[in-house]
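Participant: Let me begin by handing over the structure; questions about it come next.
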Amino acid sequence: MTDTADFGASLAPGQRRPARYAASAVPSRGRRFPEPDCPSRSPFQRDRDRILHSTAFRRLIHKTQVFVFHEGDHYRTRLTHSLEVAQIARTISRQLRLDEDLAEALALAHDLGHPPFGHAGERALDRIMAAFGGFDHNAQSLRVVTALERKYLDFDGLNLTWETLEGLAKHNGPLADERDPVLKVVRRLEDGWQSLEAERWASGEAQAAALADDIAYVSHDIDDGLRANLLSLAALADVPFVGEIVRSLPQGAHLDGSRLTYEVTRRMITRLIHDVVQESRRRLAALDPATPTDVMAAPQVTVAFSERVAGDLASLKAFLMERVYRSRRVMGVMEEAEAVVARLFARYLADEGALPGGWRAAQAGLADRARARVIADFVAGMTDRYAIAEHARLFDAAPELR
């Protein structure tokens, strides 16, 4: 038995005590471009700060989560979603005695590659890029932090640690299919550097960040769906997991609907975090890891929902798919958003002069495949409102995303 004993169960509220299986328990495996250590921050704190100060992170404030920015000031954006994921990832990591800074860095970076208009923009780019290698937002996030951010004198990208790159690449699980767009980016990163061990699980911190993403988007999409009148508390009463919470709420016409909505999402987040922590402690106890590598080499994922809650969440996601993501209101806007992205890409591909100066120079003289990738990088980096402005500039018509 290691020094972990109860794997965090005896921690006092707010107490930090990273275990020997936390990523920070051993020295970082380094950066692609060697740099002196920071005298005031750990390597993972430094990664988090570089992500926070990146241009791509700032742009998330005007990128769609579910509802386009002009539909209301209180709906989530990619930025507010990423901040909520980071908060939940830190909570889970502290409870499991993992490294909170690495989990936070991964949570903040996980959506950096999302194009404008959320998954609609991704669908449009993937369809139009099919002949040139496709498009995947997780692969694009890796491209952003390793090449597309251009701030430093000595290298492109953010020069993040091995641990952050490894977690960003594998937070959804091991990479086994060589056709996987994420694995293709990983293979290029590994060339001349070191392996990201694609066949293994990611660190416990990356696993915590991945589940934090699930917790955040399921709970806040319910919140946003209720705000948009696409959902009602009555409709949620029979839905797995959330239904039990709705049925336990106090009754009465005098109750404030917005307070009831918040109570639902608050209780959801609390219960989901509790389930992850309890199930993960059970798995940690069975694994009894002595090092971070033990978690990555485990025969199964270590940070996880219980089987019952995982099943309930699958049903809840299916409900949200039908009632929110594929609702007539959302799909009408997203279909037009896809068309905006497709028209912009086609115009840039047909007319080199349509691109801004720096991007025009970057794609000049390239073969078709490489040129298309540069254009995809440019379009993927757009905010919703910049894409709308570009559409108005190039086609003399502002799209009606209503």
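Participant: Can you compute the helix-only [θ] at 222 nm over the chain? Use -39500 (n - 2.57) per DSSP H run of at least 4 residues, normalise by all residues, nearest 500 deg cm²/dmol. Could you put the intermediate results ahead of the total?
Facilitator: On the way: 18 runs with 219 residues, N = 402.
Calculated from helices alone, the mean residue ellipticity at 222 nm is -17000 deg cm²/dmol.
Participant: I've got another one for you. State the percentage of accessible surface on segment 177-232 attributable to carbon and sulfur atoms; use a 1.4 Å probe and exclude ligands, DNA and RNA.
Facilitator: Values: 940 of 2140 Å².
Ligands and nucleic acids excluded, carbon and sulfur reach 44 percent.
Participant: For segment 335-402, what % of the accessible area comes from carbon and sulfur atoms, probe 1.4 Å?
Facilitator: Numbers: 1680 of 3200 Å².
Carbon and sulfur atoms account for 52 percent of the accessible area of segment 335-402.
Participant: A further question follows. Would you kindly calculate the mean projected area, averaged across all directions, of the convex hull enclosing the Cα atoms of segment 198-308, in square nanometres?
Facilitator: On the way: hull surface 32.9 nm².
One quarter of the hull surface, i.e. the mean projection, equals 8.2 nm².
Participant: What list of ³J(HN,Hα) couplings, whole Hz, do you get for segment 214-223 from phi and the Karplus terms 6.51, -1.76, 1.60, once you set θ to phi - 60° and write x for glycine and proline?
Facilitator: After applying 6.51 cos²θ - 1.76 cosθ + 1.60, I find 4, 4, 5, 6, 5, 6, 7, 6, 5, 4 Hz.
Participant: With each label point set 7 Å from Cα along the Cα-Cβ vector, what nm distance links Thr293 and Asn229?
Facilitator: Simple spin-label model gives 6.0 nm for this pair.
Participant: OK, next. Mind ranking Ile222, Ile388 by accessible surface for me, highest first, 1.4 Å probe? List each step's numbers first, then the result.
Facilitator: On the way: Ile222 0, Ile388 30 Å².
The ordering from most to least exposed comes out as Ile388, Ile222.
Participant: Tell me, what are the semi-axes, in whole angstrom and largest first, of the equivalent ellipsoid of segment 1-126 as set by the roots of 5 times the Cα gyration tensor eigenvalues?
Facilitator: Values: eigenvalues 205, 75, 30 Å².
The equivalent ellipsoid of segment 1-126 has semi-axes of 32, 19, 12 Å.
Participant: Separate question: Over the chain, with the other protein chains present, what is the accessible area per residue in square angstrom, probe 1.4 angstrom? Could you put the intermediate results ahead of the total?
Facilitator: Numbers: 17750 Å² over 402 residues.
I get 44 Å² per residue for this part.
Participant: Now, a different point. Just to be sure I understand the model, the point goes 7 Å from the Cα along the line to the Cβ. What's the resulting Leu153 to Arg347 distance in nm?
Facilitator: Taking the simple label geometry, Leu153 and Arg347 are separated by 3.9 nm.
Participant: How much length is gained if the chain between Glu335 and Ala314 is pulled fully straight, taking 0.36 nm per residue apart and subtracting their Cα-Cα distance, in nm to one decimal?
Facilitator: Working: separation 21, 0.36 × 21 = 7.56 nm, distance 2.53 nm.
So the chain would gain 5.0 nm between Glu335 and Ala314.
Participant: Over segment 151-228, calculate the relative contact order: mean separation of alpha carbon pairs under 8 Å at least 6 apart, over the residue count, as a percent.
Facilitator: Numbers: 49 pairs, mean separation 25.6, N = 78.
33 percent.
Participant: Here's something else I'd like to know. Accessible surface of Phe33 in the full protein assembly, 1.4 angstrom probe, to the nearest 10 Å²?
Facilitator: 80 Å²
Participant: For a test of the definition: using alpha carbon positions, the gyration tensor, and the 1.5 limit on a/c, classify segment 326-402 as rounded, prolate or oblate. Provide the component values of the computation, followed by the final result.
Facilitator: Numbers: a/c = 2.67, a/b = 1.95, b/c = 1.37.
Taking the square roots of the gyration eigenvalues as a ≥ b ≥ c, segment 326-402 is prolate.
Participant: For segment 221-269, just say rounded, prolate or oblate: build the C-alpha gyration tensor, square-root its eigenvalues into a ≥ b ≥ c, call rounded for a/c under 1.5, and beyond that prolate if a/b exceeds b/c, oblate if not. Each step should come with its number before you reach the end.
Facilitator: Numbers: a/c = 1.32, a/b = 1.05, b/c = 1.25.
It comes out rounded by the Cα gyration axes.
Participant: Give me the number: length gained by fully extending Thr80 to Asp37, i.e. 0.36 nm times residue separation minus the C-alpha to C-alpha distance, one decimal in nm.
Facilitator: Values: separation 43, 0.36 × 43 = 15.48 nm, distance 3.07 nm.
That pair, Thr80 and Asp37, stretches by 12.4 nm at full extension.
Participant: Pop the C-beta distance of Arg328 and Ala361 into the FRET formula with R0 = 35 Å and round what comes out to the nearest 0.05. It would help to have the intermediate numbers written out before the result.
Facilitator: Numbers: r = 43 Å, r/R0 = 1.24.
Here the calculated transfer efficiency is 0.20.
Participant: Another question about this same structure. Which residue, Gly157, Gly358, Gly243, tops the fluctuation ranking in a GNM of the chain built on C-alpha contacts under 10 Å?
Facilitator: Highest fluctuation of the listed residues: Gly358.
Participant: Taking the structure as given and computing mean projected area of the Cα convex hull in nm², which label from [x] 25.5; [y] 19.3; [z] 21.2 fits?
Facilitator: [z]
Participant: With a cut-off of 8 Å between alpha carbons and a minimum separation of six or more residues, what is the relative contact order of the chain in percent?
Facilitator: Details: 618 pairs, mean separation 83.9, N = 402.
Reported as a whole number, the value is 21 percent.
Participant: Another one. Between Arg187 and Asp256, how high is the FRET efficiency from 1/(1 + (r/R0)^6) when r is the Cβ-Cβ distance and R₀ = 45 Å? Nearest 0.05. All intermediate terms of the calculation are to be shown ahead of the outcome.
Facilitator: Working: r = 54 Å, r/R0 = 1.19.
Step by step, r from the Cβ atoms, then E = 0.25.
Participant: With a/c under 1.5 counting as rounded, go ahead and sort segment 255-376 into rounded, prolate or oblate using the C-alpha gyration tensor (a ≥ b ≥ c being the square roots of the eigenvalues; past the cut-off, prolate if a/b is larger than b/c, else oblate). Please report the intermediate quantities before stating the final value.
Facilitator: Values: a/c = 3.38, a/b = 1.56, b/c = 2.17.
Here segment 255-376 falls in the oblate category.
Participant: Still on this structure, I have one more. Among the lysines, which have Cα under 29 Å from the Cα of Lys151 when same-chain residues fewer than 8 positions away are ignored?
Facilitator: Straight-distance partners of Lys151: Lys63, Lys170, Lys184.
Participant: Something else about it: Explain nothing, just the number: dipole magnitude of the chain about its Cα centre with +1 on each Lys and Arg Cβ and -1 on each Asp and Glu Cβ, in debye rounded to the nearest 20. List each step's numbers first, then the result.
Facilitator: Values: 53 positive and 57 negative charges, 81 e Å.
Approximately 380 debye in magnitude.
Participant: Working with all protein chains in place, sort Thr80, Thr270, Thr261 by solvent-accessible area computed with a 1.4 Å probe, largest first. Can you show the working numbers first?
Facilitator: On the way: Thr80 55, Thr270 85, Thr261 20 Å².
From most exposed to least exposed: Thr270, Thr80, Thr261.
Participant: Can you figure out the FRET efficiency of Arg369 with Arg20, using R₀ = 51 Å and their beta-carbon distance, to the nearest 0.05?
Facilitator: Details: r = 46 Å, r/R0 = 0.91.
Approximately 0.65, to the nearest 0.05.
Participant: Figure the gain on full extension for Ala354 and Ser306 (residue separation times 0.36 nm, minus the Cα-Cα span) and round it to one decimal in nm.
Facilitator: In short, 12.1 nm is gained.
Participant: Then there's this: Give me the dipole magnitude in Debye, nearest 20, for segment 100-212 about the Cα centre, with unit charges on the beta carbon: positive for Lys and Arg, negative for Asp and Glu.
Facilitator: Values: 11 positive and 20 negative charges, 103 e Å.
For segment 100-212, the charge dipole is close to 500 debye.
The values are calculated or read from the model by the stated rules, or taken from the named source; none is laboratory data. Being a predicted model, the structure only gives us computed values, none of them experimental. Please note: Cβ atoms are built from the backbone with ideal geometry, for glycine as well, and neighbour counts cover all protein chains shown. We work out accessible area using only protein heavy atoms, side chains counted, and drop any ligands, DNA or RNA first. Shrake-Rupley method; radii C 1.70, N 1.55, O 1.52, S 1.80 Å.
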